[in-house]
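**Student:** Below are the C-alpha cells for one structure; questions will follow.
What follows is calculated from the coordinates using simple rules that are stated; it is not laboratory data. Just so it is clear, the model here is predicted, and its values are computed rather than measured. Methodologically, a virtual Cβ is constructed for each residue, glycine included, from the backbone with ideal geometry; neighbour enumeration extends over all protein chains shown.
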Amino acid sequence: MKMKETISKYQIVYEEMKKEIVSGRMAQGEKMPSELQLMEQYGFSRQTIRKALEELTKDGYVHKVQGSGSFVKSSRIGEKNSKTIMFIALFAQHYFFSQYIAGVESVLKENDYALNITFSDNRPEDEARCLEDAIEKGYAGILLVPARSACIYANLYLYKKIRQLRIPCITLGGQLPYSGFPCVIMDDYEGGKMAAKYLIAKGHSRIASIMNRTECSGCMRYAGYQSALMEAGIKEEPGWAQWYEYETFQDFLENEELIGSCLSKVTAVFCFNDEMALGIIELLKKQGIRVPEDMSVMGYDDSYMCMFGEKKLTSIRQEPVEQGERAAMNLLQLIKNPNSGADAFFEPSLVERETVRDLQKSY
C-alpha cells in the first residue's frame, strides 16, 4: 500500500511536468526547478521528486547537465537522422566566404553530412533569427561567423541556450569569449604584431592603423599593433588609430579629413584587411601621394585582391580553406564527443610584395 502511494505521488509530478513541457509553457532549454523547489511546490519527499525527474529524463523530456541541473530537452536533440550542418556567414559576397565553404564542404562530404548556408548580413538581429532556426530545425551542429563579434553581448542569451541544449557550435573569423563556444581562427593578435614589427624593421616609426571596430579580429589586430609599437619604444600619437564599420566603409574612404587628420602624419598605414588597404591606396593616388614612395600600405588576409593595382599589396596571410576544413573536422568530433577539445588557432605569416618602402634604403 505504501509503495502504491509513492508511485502515485511521483506520477502526479511526472504528469504535471510533462504537460508543462509538451504544451510549450516550459521552453526547450529552460532550466527545470530544483529538487528543493519541487519539494516545496508539491509537498512531496526528495525521493519522490527525484524519481519523477528520473522518469522524465528516461522518457526524453528532460536532460541533466552535471553541475548545472536539469533542463527541458528538445525532442530534436540527439536525433540520429540529423546529418545537416548550418553555416551562418556574414555576407555572400565576402571574399573569404567561398574559401571557407570549400574547406567545410570537402570534410562534410567525406563524412556524409549536408550543409545549409544562411547569412546574417552582419546584423545581430538576423544572426538571432538564424540561430533560432538552427535550434528549431534540429541541425546536427552550427558553424558561425559572428555578426559584430566585438559586441559580444548581442546574442549572448542565444549562445547560452545553444550551450544548454548541447548543440555543437564552433565560431570562425572571430572569438566569442563569453559564449563558451570553441573557435577556429587566426591568431589576430600575433598577426597585428607581425605587421607592425615588419613596418618598424623597414624604418617606419610613425605608423597608422585602420581597423574595423565591430569585429573582434579588428580589436585583436590593433592590440598586436600596439604591442609592437610599445616594444619598439614608439608612442602612439592621437589620430594614428582610425576605426570604421562595414556599413560605413565607403563613407570612411570619402572622408576628406582622413588625409589631414591621419595619413599626413605618418609614413605607413596598417589596414584591417586587403579591401581597406586597396581603398586607401586609391584615396592616396587621388591626392597625388605615391605608394610606396611617399606612403607604405599594408593589408591583411593575403586575398586575391592583393594582385590588383599597379603595385602588389604586402599582406598578412590567412588560410581560410584550411580553417574551414579544421572547423568542420572539429565540429564533427564535437558531435561524436561533446567533451573533445575543438579550439584551433592558426599562426599568421607575412607575404612581402611592393607596397612597403624600406626607409633605410635610398631609391
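**Student:** Where does the chain land at 222 nm, in deg cm²/dmol rounded to the nearest 500, when only DSSP H runs of n ≥ 4 count, each adding -39500 (n - 2.57), divided by all residues?
**Tutor:** Taking each H run of at least 4 residues, the total per residue is -13000 deg cm²/dmol.
**Student:** Next question. Structure shown: which of K109/K197; K9/K137; K193/K312; K265/K312; K83/K160 lie over 29 Å apart, alpha-carbon to alpha-carbon?
**Tutor:** K109/K197; K9/K137
**Student:** Using a Cα-Cα cut-off of under 14 Å, which aspartates and glutamates could be cross-linked to K31, ignoring same-chain neighbours fewer than 8 residues away?
**Tutor:** Cross-link targets: E20.
**Student:** Quick check on the chain: of the DSSP beta bridges with both residues there, what percent are antiparallel, nearest 5%?
**Tutor:** 20 percent
**Student:** Additional query: What residues qualify as long-range amide H neighbours of S296, i.e. H under 5 Å apart, gap of 5 or more or another chain, H built at 1.01 Å from N?
**Tutor:** A268, V269, R357
**Student:** What's the local net charge at E237, with K and R +1, D and E -1, over the other residues with C-beta under 10 Å away?
**Tutor:** Surrounding charge for E237 is +2.
**Student:** Same structure, new question: Return the sequence-ordered ³J(HN,Hα) values of the range 140-146 in whole Hz as given by the Karplus equation 6.51 cos²θ - 1.76 cosθ + 1.60 applied to θ = phi - 60°, using x for Gly and Pro.
**Tutor:** With coefficients 6.51, -1.76 and 1.60, one gets 5, x, 10, 10, 10, 9, x Hz.
**Student:** Taking the Cβ of I101 as the center, what net charge do the other residues with Cβ under 12 Å away carry, scoring Lys and Arg +1 and Asp and Glu -1?
**Tutor:** Overall, the nearby charge balance is -1.
**Student:** By the scheme Lys and Arg +1, Asp and Glu -1, what is the net charge of all other residues having a beta-carbon under 10 Å from that of F71?
**Tutor:** Residues close to F71 contribute a combined charge of +4.
**Student:** Beyond 26 Å, what share of the Cα-Cα pairs of the range 188-319 remains, rounded to the nearest whole percent?
**Tutor:** 11 percent
**Student:** Please compute the Kirkwood hydrodynamic radius of the chain from all pairs of different C-alpha atoms, in Å with one decimal.
**Tutor:** Result for the chain stands at 23.2 Å.
**Student:** Here is a follow-up. Which distance in Å, rounded to a whole number, links the C-alpha centroids of the range 19-61 and the range 259-290?
**Tutor:** Cα centres, the range 19-61 to the range 259-290: 62 Å.
**Student:** Right, another one. Quick check: residue separation of R163 and A201 times 0.36 nm, minus the Cα distance between them. What number comes out in nm?
**Tutor:** 9.2 nm
**Student:** Magnitude of the Cβ-charge dipole of the range 134-284, K/R +1 and D/E -1, about the Cα centre, nearest 20 debye?
**Tutor:** 800 debye
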